[in-house]
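What follows is a single structure, written as structure tokens, with notes after it.
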Amino acid sequence: MNIQWYPGHMEKARRTAEQNLKLVDVVIELLDARAPLSSHNPVLDKIASKKPRLVVFNKADLADEKLTSYWLKKFSQDSPALAVDSKSRKGLPYIPGVVEKMARVRTGRPVKCMVLGIPNVGKSLFINALAKRKVARTGNKPGVTRGQQWIKVGKKVQLLDTPGILWPKFEDPEVGFRLAVIAAIKEEIYSVEDIVFGLIEWLNKYSPCVWEKRYGLYSSDTPVEIMEQVGRKRGFFLAGGKVDLNRAAVHILKEFREGKLGFFTLDDS
Ligand code: G4P
């Protein structure tokens, strides 16, 4: 997902998505369940306004269950919406039946679908998991166009093998922070320390007991103190004995992304 988004890339990605949209009956918009609002790019509302859309919250295994239900209700006011975990395939078996109902196909031919979403929401894994084999070709190079292949998902649904990538949209720095935490934008924009600084403040506000539960720290302190204590606990030292704060930050972020600090949704209600 190593993309630097420039206006030329965005334009090309948009054009490619628009061309591919002409080929399909249903659009599957993949969002990250940990930030369903922030991982939606409104450009999709413009380019896919005429197609039935299924909204899928992926990575539901890492998100707060209550907030997933809350956001699913909100999103389903506009389009059908469901939550899945592509790693364990939980929720995926419902998808063929849902898209079949949504599509306006009357001739008995398979329903054609394509997956669209911003980087790292799990498009490739989702396609592979739905197809039950490794088929997804990475769509992560903006503007690369190739011959399209259709993947059979059961007898009645076909999926384009190349997911459409949309660029992450974040005029609001808070949205940018959330996208950085879920690794939808690369660390060229926010440094790991910046992301983790914000993340510690967020966790101190919403779930201050994580530090005790995961690292045995007994007081919630400032971000730097927490990084220092975690580094000390994990034995991350620089030559000379100082704590390696960068390594501690990388570690905290990795553990958060893996769900080891708990299951969280960054877009609150
Ligand atoms: P993309 O095409 O949208 O860019 O995303 P991709 O499928 O490459 O998935 C990005 C990362 O998210 C991968 O992890 C993938 O395993 C993980 N992922 C995708 N869907 C889910 C899900 O439903 N639940 C969880 N927990 N993780 C998911 P990675 O660490 O980059 O790669 P890997 O080591 O897992 O292969």
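Read through the list (1) of a type in the set (S, T, N, Q); (2) at pLDDT 95 or above; (3) within 16 Å of the ligand (Cβ to nearest atom), then give the number of the only condition that S69 fails.
Every listed condition holds for S69 apart from (3).
Return yes or no: is D268 farther than 30 Å from C113 by Cβ, outside the structural domain of K112 (by TED's automatic domain parsing), touching a residue at least 60 places away in the same chain (Cβ under 8 Å) and surrounded by fewer than 19 Cβ atoms within 10 Å (Cβ to Cβ)?
On the way: farther than 30 Å from C113 by Cβ: yes; outside the structural domain of K112 (by TED's automatic domain parsing): yes; touching a residue at least 60 places away in the same chain (Cβ under 8 Å): yes; surrounded by fewer than 19 Cβ atoms within 10 Å (Cβ to Cβ): yes.
Against the criterion (farther than 30 Å from C113 by Cβ, outside the structural domain of K112 (by TED's automatic domain parsing), touching a residue at least 60 places away in the same chain (Cβ under 8 Å) and surrounded by fewer than 19 Cβ atoms within 10 Å (Cβ to Cβ)), D268 qualifies.
What is the number of the single condition among (1) touching an Asp or Glu at 6+ places or on another chain (Cβ under 6 Å); (2) more than 14 Å from the ligand (Cβ to nearest atom); (3) free of Cβ contacts under 8 Å to residues at least 40 places away in the same chain that K112 does not meet?
In the conditions (1) touching an Asp or Glu at 6+ places or on another chain (Cβ under 6 Å); (2) more than 14 Å from the ligand (Cβ to nearest atom); (3) free of Cβ contacts under 8 Å to residues at least 40 places away in the same chain, K112 misses (3) alone.
How about segment 147-172: which of its residues are part of a loop (DSSP other than H, G, I, E, B) and either within 13 Å of the ligand (Cβ to nearest atom) or assigned by TED's automatic domain parsing to the domain that holds N128 (or both)? Walk me through it before giving the result.
Going residue by residue through segment 147-172, those that are part of a loop (DSSP other than H, G, I, E, B) are 147-149, 154-156, 161-163, 166-172.
G147, Q148, Q149, G154, K155, K156, D161, T162, P163, L166, W167, P168 - these are the residues of segment 147-172 that are part of a loop (DSSP other than H, G, I, E, B) and either within 13 Å of the ligand (Cβ to nearest atom) or assigned by TED's automatic domain parsing to the domain that holds N128 (or both).
Only one of D78, D64, D85 is under 19 Å from S124 (Cα atoms) and acidic (D, E); which?
Residue meeting the stated conditions: D85.
Quick one: how many residues across segment 65-97 are surrounded by 15 or more Cβ atoms within 10 Å (Cβ to Cβ), out of contact with any strand residue (DSSP E or B) (no Cβ under 6 Å at 6 or more places or on another chain) and closer than 17 Å to K51 by Cα?
Total meeting the criteria: 1.
Give the number of residues within segment 98-111 that are under 20 Å from Q19 (Cα atoms) and crowded, with 19+ Cβ neighbours inside 10 Å.
Result for segment 98-111: 3.
Is at least one residue of segment 3-19 assigned to a strand (DSSP E or B) and touching a Ser or Thr at 6+ places or on another chain (Cβ under 9 Å)?
The first filter runs over segment 3-19 and keeps only residues assigned to a strand (DSSP E or B), leaving none.
Taking every residue of segment 3-19 in turn, none turns out to be assigned to a strand (DSSP E or B) and touching a Ser or Thr at 6+ places or on another chain (Cβ under 9 Å).
The values are calculated or read from the model by the stated rules, or taken from the named source; none is laboratory data. For clarity, every value in this text was computed on a predicted model and none was experimentally measured. All Cβ positions, even for glycine, are placed from backbone atoms using ideal geometry, and neighbour counts span all protein chains on display.
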